[in-house]
Every structure is written in C-alpha cells, then in structure tokens.
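**Student:** Mind looking over this structure? Questions follow.
The values are calculated or read from the model by the stated rules, or taken from the named source; none is laboratory data. All values derive from a computational prediction rather than experimental measurement. Here Cβ is always computed from backbone atoms with ideal geometry, including for glycine, and neighbour counts include all displayed protein chains. Note: areas computed on protein heavy atoms with side chains; ligands, DNA, RNA excluded. Shrake-Rupley method; radii C 1.70, N 1.55, O 1.52, S 1.80 Å.
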Amino acid sequence: MNYGEWAVAYRKDANRILKVIEKKRNLLNEKHLSPDARKLLNDSMTAYRRIYRELLHTSRLLKNRGERYHEA
C-alpha cells in the first residue's frame, strides 16, 4: 500500500468515527437521559473526538509523506 492509499484509509476511518460522534450527539437531545447518562455520553464523545483528530492528523501526515516521496 502506498502513502496516498494509506492516507485515504485513515480518512475513511475518521469519517466513520465522525458518524459515531454525530449519533452520540443526537442521543444527547433525548429528554429522558439522566445526568449520569449525559456525562457518560459526553465522556465517550470526548474520547471519540480525540481518536477522530488523531486519524485526521495521521491521514495528513501520510498524504504529505506521499507527496514528498513522489517529488524525490
């Protein structure tokens, strides 16, 4: 697998994580949630956001590495 393909794979994973975050955000709109359930959802979303940012960052690094590799 080359760097470009690898970058695309990481970006796809980031998009999948973003969908999970959006679903969890929609759950926060539920009126029947207890404060504890809201806290758990928020904590979970925080963890998923961290993963999302790491995947995006890795995708960008791989994309840039691939571009530099092809220039050389």
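**Student:** To the nearest 0.05, what FRET efficiency results for Asp36 and Val8 with a Förster distance of 25 Å applied to their C-beta separation? Mind dumping the intermediate values first?
**Tutor:** Numbers: r = 39 Å, r/R0 = 1.57.
Once rounded, the FRET efficiency stands at 0.05.
**Student:** Right, next: For the chain, report the translational diffusion coefficient in µm²/s to the nearest whole number, using Stokes-Einstein at 20 °C, 1.002 mPa s, and a Kirkwood Rh over Cα pairs.
**Tutor:** Details: Rh = 13.7 Å.
For the chosen part, D equals 157 µm²/s.
**Student:** Over the chain, with every protein chain in place, what whole percent of the accessible area is carbon and sulfur at 1.4 Å, could you tell me? Numbers along the way, then the final one.
**Tutor:** Numbers: 3090 of 5750 Å².
The computed percentage sits at 54.
**Student:** So how tilted is helix 35-71 from the main axis of the chain? Cα-based, degrees 0 to 90, rounded to 10.
**Tutor:** That works out to roughly 10 degrees.
**Student:** At 1.4 Å probe size, with every protein chain present, just tell me what the per residue accessible area of the chain comes to in Å². Present the calculation step by step, with values, prior to reporting the outcome.
**Tutor:** On the way: 5750 Å² over 72 residues.
Normalised by residue count, the accessible surface of the chain is 80 Å².
**Student:** Using the Karplus equation 6.51 cos²θ - 1.76 cosθ + 1.60 (θ = phi - 60°), what ³J(HN,Hα) coupling, rounded to whole Hz, does each residue of the range 15-24 give in order, writing x for Gly and Pro?
**Tutor:** These are the phi-based 3J(HN,Hα) values: 5, 5, 5, 4, 5, 5, 4, 5, 5, 5 Hz.
**Student:** Follow-up question, since we're still on this one. Using 0.36 nm per residue of separation minus the Cα-Cα distance, give me the extension gain between Val20 and Glu54 in nm, one decimal. Don't skip to the answer; put the middle values down first.
**Tutor:** Values: separation 34, 0.36 × 34 = 12.24 nm, distance 1.53 nm.
Extending this stretch completely gives an extra 10.7 nm.
**Student:** Can you list the lysines whose alpha carbon is less than 19 Å from that of Lys31, not counting same-chain residues fewer than 8 positions off?
**Tutor:** Reachable lysines: Lys23, Lys39.
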